[in-house]
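Down below is the structure, laid out as structure tokens.
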Amino acid sequence: MNKEHRPLTFVQAINEGIRSRMREDDSTIVMGIDVAGAAGKAEEGFIDHFGGTFAMTKGLIQEFGTSRVLDTPISETGFVGAGVGAAAAGLRPLVDMMFVGFIGVCGDQIFNNMAKMHYMFGGKVKLPITIQAQTAASGGNAAQHSETLYSIFAHFPGLKCVVPSDPYSAKGLQIAAMKDDDPVVVFQSTRLMGVNFNQHVPEDAYELPIGKSRIVKTGNDITLIGIGTTTRTCIQAAENLAKQGYDAEVVDLLSISPLDEETILSSISKTRKVVIVDEDYPKCSVASELSALAAEKAFDFLDAPPKRVTAPHASIPYTSVLEQLHFPSVDNVTYACLEVMN
Amino acid sequence: MAKSQSSIPKEKLMWMFETLVLIRRFEEQAKREADQGRILGTHSAIGEEATPTGICAHLRDDDYVLGNHRSHHHCIAKGVDINEMMAELLGKATGTNKGKGGTMHIADATKGMLGANGVVGSNIPVATGCALSAKVQNKDNVSVVFFGDGASSQGSLHESMNLAAIWDLPVLFVCENNRYAESTPFEYAVAGQSVANRAAGYGMPGVTVDGQNVIEVYEVAGEAVERARKGDGPTLIEAMTYRYHGHFGADNPMGYRTPEEQKYYEDKDCIIAMEKFLIENGTATQEQLKAIDDDAKARVEKATQFAIDSAYPDPSELLSDVYIKYP
Ligand SMILES: Cc1ncc(C[n+]2csc(CCOP(=O)(O)OP(=O)(O)O)c2C)c(N)n1
Ligand SMILES: [Mg+2]
């Protein structure tokens with residue numbers, strides 16, 4: 001098919017994924033605050049001012065109209081809950097909840113309804129809803145607009161959780177999430193949105209399977225596991241390590257729930273060492289979960305205890321001098337690897 | 001301007017003018033800091049100075065104010081030090097929050113400013129709780145929460161209004177209706193086209209006021225504060241106002257509103273109107289008002305220099321203030 005190099009940004013790739021789902025399935029709708037913008041003003045010549053806070057839904061309202069691209073009031077309990085109901089009653093909503101910290105407003109709908117209805121009702125209701133939420137500290141957004149919070153969602157049986165790490169995975173996972181008949185949460189890192197990946201993204205509507213991790217660099221000396229933004233951190237740390245003569249393998253987690261135990265464990269069993277890099281708070285985190293997985297199921301293969309490099313157990317500060325210390329740096333990861341190997 | 005101005009003491013009138021101007025000059029400087037890339041951006045309060053000014057004119061240090069993401073004007077009107085505010089914007093250790101909170105979280109408990117808040121609608125129940133504290137302790141202090149037209153769609157407002165009404169709490173719910181939530185028009189998002197009308201459902205007074213007219217705001221707020229202090233319960237005030245700039249940072253509002261609309265509000269500018277009023281009323285001369293403006297500019301310049309000269313927080317601050325004691 002298309003053999004040309006077709007680089008898209010992280011945001012463009014997501015946009016393309018959403019658009020392809022909307023074209024293919026009329027029951028797909030998009031909802032959220034300013035997913036288009038300037039609502040109700042098209043006749044005055046104003047339309048699609050934002051296209052989503054990060055322009056991920058830009059251009060959709062022109063193609064699909066106001067009945068399928070719905071700007072909402074600032075009422076997360078209302079519109080996230082309405083997404084659950086719409087899904088139960090036959091639609092396939094994509095609900096953008098903007099920054100993941102706003103889960104504080106709509107937690108009831110996600111945790112008590114979205115995660116549980118299928119189970120509580122004996123499997124007789126399906127909820128093909130996708131929630132997308134933006135994560136990560138990206139330069140002075142402070143404590144409430146910089147969080148990651150993967151583990152809160154992954155804690156709940158009934159929710160699937162995926163985290164793209166580059167444009168290619170962003171499009172493939174977006175499509176897979178929106179096609180899935182279970183509720184899926186997609187975490188989109190704001191730190192990836194400005195990155196020039198120069199990565200080819202196919203035009204066709206490909207899917208990446210939910211529940212599969214991917215090896216982005218093979219190696220024999222140590223396994224690095226990254227999640228979303230931190231996959232890049234791991235790749236850069238692996239480059240540092242290569243300069244020092246170490247051959248690191250980098251696993252890009254992609255899926256938090258379900259976990260791809262097979263890929264993770266076979267990598268760890270091969271390299272016998274693992275460093276897990278997570279920008280989320282450390283306690284009861286995905287990093288802890290992966291560490292437990294390694295300890296429980298690869299113990300006999302390990303030459304050293306699993307190591308986690310995470311954000312500290314502290315909220316995210318505003319000032320850049322502190323914010324940059326909150327995020328696991330390439331140096332911290334490199335150092336942690338050297339520690340584990342020596 | 002308004003009718004019963006004669007009853008307003010001269011010092012109050014002058015304080016209100018000084019406050020309007022100080023907010024305007026501070027916000028202009030904050031915008032310059034953002035435009036020049038020294039900070040990420042702020043939610044500019046330019047155009048919306050009159051609402052907190054007219055309300056805070058009635059408040060004491062032991063009254064509470066709680067804000068939202070657009071709160072620099074609330075802070076200044078409540079008496080928060082502008083040196084510390086500017087230092088906070090620049091992320092310095094001398095800032096109101098030691099550089100940890102930034103533009104959306106400025107707080108100074110010593111001035112009764114219990115914080116700006118970045119989650120829309122989130123502070124409304126908190127303000128209700130401050131009022132509950134006053135009531136339980138038999139104190140006569142009041143609590144004021146500022147929120148936008150967008151926030152009026154959050155359940156937190158409705159739950160709080162109900163609580164405050166059944167318990168007769170001394171709280172003012174103040175909606176700054178600047179007609180937009182990001183780019184979403186009020187007309188689209190607020191059913192019934194009125195926030196103030198919603199008070200009726202909770203059996204409390206709901207008043208709409210011209211938020212570009214500080215004297216009118218002052219008068220409406222006076223009644224509401226008195227009612228609250230006497231223990232007669234909450235009031236909902238909807239102040240019709242306008243932000244002159246985009247929602248945040250570099251947002252260009254011309255993508256969702258017309259230059260004519262913008263001009264209509266700029267012609268009603270709260271500072272120009274107050275200037276005219278004070279001169280016509282014989283309260284102050286043009287020269288006196290100009291001196292006040294010059295003073296505000298000098299204070300903002302000093303605050304900026306203070307912020308620039310201040311040090312960044314020590315790296316150890318990353319882990320302080322998470323708890324008082326842990327474990
Ligand atoms: C719970 C929540 N949802 C969404 C946002 C993103 N957001 C920040 S400000 C804003 C608009 C707020 O509008 P309004 O309440 O009218 O206040 P204004 O900005 O006009 O002063 C939105 C949607 C947020 N901060 N918190
Ligand atoms: Mg507004």
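The numbers here are math on the coordinates, done by the rules we state, and not lab data. Computed from a predicted structure; not experimentally measured. Cβ: placed from backbone, ideal geometry, glycine included. Neighbour counts: every protein chain shown.
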| query | Which chymotrypsin sites (Phe, Trp or Tyr not before Pro) in region B:1-84 pass both tests, a DSSP loop state and at most 11 other beta-carbon atoms within 10 Å? | reply | none
| request: List the residues of region A:22-46 whose backbone N lies under 11 Å from a point placed 7 Å from the Cα of A:Ala205 along the Cα-to-Cβ direction. | output: A:22-28
| query | In region B:195-280, which trypsin sites (Lys or Arg not before Pro) fall in coil by DSSP and have 14 or fewer other Cβ atoms within 10 Å? | reply | B:Lys230
| note | From the Cα centre of region A:300-314 to that of region B:266-327, the distance in Å is 47
| request: Quote the relative contact order of chain A in percent (integer), defining contacts as alpha-carbon pairs under 8 Å separated by 6+ residues. | output: 16
| task | Go ahead and run the numbers for FRET between A:Gln244 and A:Asn220, Cβ-Cβ distance against an R0 of 22 Å, rounding to 0.05. | result | 0.90
| DSSP bridge orientation in the protein assembly as shown - percent antiparallel, rounded to nearest 5 | 15
| Can you give me the Cα centroid spacing of region B:3-60 and region B:180-227 in angstrom? | 19
| Label 7 Å along Cα→Cβ of B:Asn197; region B:234-249 residues with amide nitrogen under 20 Å? | B:235-241
| request: Kindly state, as a whole number, the per residue volume in cubic angstrom of the convex hull around the alpha carbon atoms of region A:214-341. | output: 97
| query | Say we join alpha carbon atoms closer than 10 Å with springs in a Gaussian network model of chain B; which of B:Val136, B:Val120, B:Val65 then has the biggest fluctuation? | reply | B:Val136
| task | Determine which lysines satisfy two conditions relative to A:Lys179: a Cα distance under 29 Å, and not lying fewer than 8 residues away in the same chain. | result | A:Lys3, A:Lys58, A:Lys116, A:Lys124, A:Lys126, A:Lys160, A:Lys171, A:Lys212, A:Lys217
| said: With equal scatterers on the alpha carbons only and no solvent term, can you work out the Debye log10 of I(q)/I(0) for chain A at 0.08, 0.13, 0.14 1/Å? | reply: -0.37, -0.98, -1.12
| note | Expected sort for A:Thr57, B:Thr258 with the fewest Cβ neighbours (10 Å cutoff) up front is B:Thr258, A:Thr57
| Is the protein assembly as shown rounded, prolate or oblate when judged by the Cα gyration tensor, a ≥ b ≥ c being the square roots of its eigenvalues, rounded requiring a/c under 1.5 and prolate requiring a/b larger than b/c? | prolate
| query | At A:Gln236 and A:Glu4, where each label point lies 7 Å from the Cα along Cα→Cβ, what is the point-to-point distance in nanometres? | reply | 3.2
| task | With springs connecting C-alpha atoms under 10 Å apart, model chain A as a Gaussian network and identify which of A:Asn15, A:Asn198, A:Asn113 has the largest mean-square fluctuation. | result | A:Asn198
| query | Rounded to the nearest 500 deg cm²/dmol, what is the calculated helix-only ellipticity per residue at 222 nm for chain A, with -39500 (n - 2.57) per DSSP H run of length n ≥ 4? | reply | -10000 deg cm²/dmol
| query | What average count of beta carbons from other chains do you get within 10 Å of the Cβ of residues in A:42-55? | reply | 3
| query | In Å and whole numbers, how far do the C-alpha atoms of region A:70-166 stretch along each principal axis, longest first? | reply | 45, 28, 26
| query | region B:115-141 to region A:23-94: how many Å between their Cα centroids? | reply | 34
| remark: If A:Val30, A:Val201, A:Val321 are placed from fewest to most neighbouring beta carbons inside 10 Å, the sequence is A:Val321, A:Val201, A:Val30
| note | Rounded to the nearest 10, the angle in degrees between the Cα long axis of helix A:76-88 and the longest principal axis of the Cα atoms of chain A comes to 80
| Most mobile listed residue (A:Phe46, A:Phe153, A:Phe197) in chain A, GNM with C-alpha springs under 10 Å | A:Phe46
| request: Along Cα→Cβ, 7 Å out, is where each label goes; now give me the distance between the ones at A:Lys126 and A:Cys284 in nm to one decimal. | output: 3.2
| request: About the Cα centre of region B:5-309, how large is the charge dipole given +1 on each Lys and Arg Cβ and -1 on each Asp and Glu Cβ? Please answer in debye to the nearest 20. | output: 640
| query | Using unit Cβ charges (K, R positive; D, E negative) and no other charged atoms, how large, in debye to the nearest 20, is the dipole of the protein assembly as shown about its Cα centre? | reply | 840
| field | Mean projected area in nm² (Cα convex hull; one quarter of hull surface) for region A:158-203 | value | 3.4
| query | What number, in percent, do you get for the relative contact order of region B:5-309 if the mean sequence gap of Cα pairs under 8 Å and at least 6 apart is divided by its residue count? | reply | 23
| query | So in chain A, what percent of DSSP beta bridges are antiparallel if you round to the nearest 5? | reply | 15
| request: Using only Cα atoms, figure out Rg for region B:168-309 and give it as a multiple of 2.2 N^0.38 Å. | output: 1.28
| task | Could you tell me what fraction of 2.2 N^0.38 Å the Cα radius of gyration of region A:163-248 comes to, as a two-decimal ratio? | result | 1.21
| field | Highest average packing first - A:163-172, A:76-85, A:254-263, Cβ atoms within 10 Å | value | A:163-172, A:76-85, A:254-263
| Neighbouring partner chain Cβ atoms per residue of B:180-191, average, 10 Å criterion | 6
| said: For a test of the definition: using alpha carbon positions, the gyration tensor, and the 1.5 limit on a/c, classify region A:7-122 as rounded, prolate or oblate. | reply: prolate
| Given charges of +1 on the Cβ of Lys and Arg and -1 on the Cβ of Asp and Glu, with all other atoms neutral, how large is the dipole of region B:208-327 about its Cα centre, in debye to the nearest 20? | 280
| Using the Cα gyration tensor of chain B, with a ≥ b ≥ c the square roots of its eigenvalues, what is the shape: rounded (a/c below 1.5), prolate (a/b larger than b/c) or oblate (neither)? | rounded
| In which sequence would B:Tyr312, B:Tyr256, A:Tyr119 go, from the one with the fewest C-beta neighbours within 10 Å to the one with the most? | A:Tyr119, B:Tyr312, B:Tyr256
| query | Using a basic spin-label model with each label point 7 Å from the Cα along Cα→Cβ, how many nm lie between A:Ala292 and B:Met14? | reply | 6.7
| said: If you take each beta carbon of peptide B:33-46 and count the beta carbons of other chains within 10 angstrom, what is the mean? | reply: 1
| field | For B:Leu22, net neighbour charge (Lys/Arg +1, Asp/Glu -1) across residues whose Cβ lies under 13 Å away | value | -3
| request: Over the residues of region B:22-64, compute the C-alpha Rg and express it relative to 2.2 N^0.38 Å. | output: 1.43
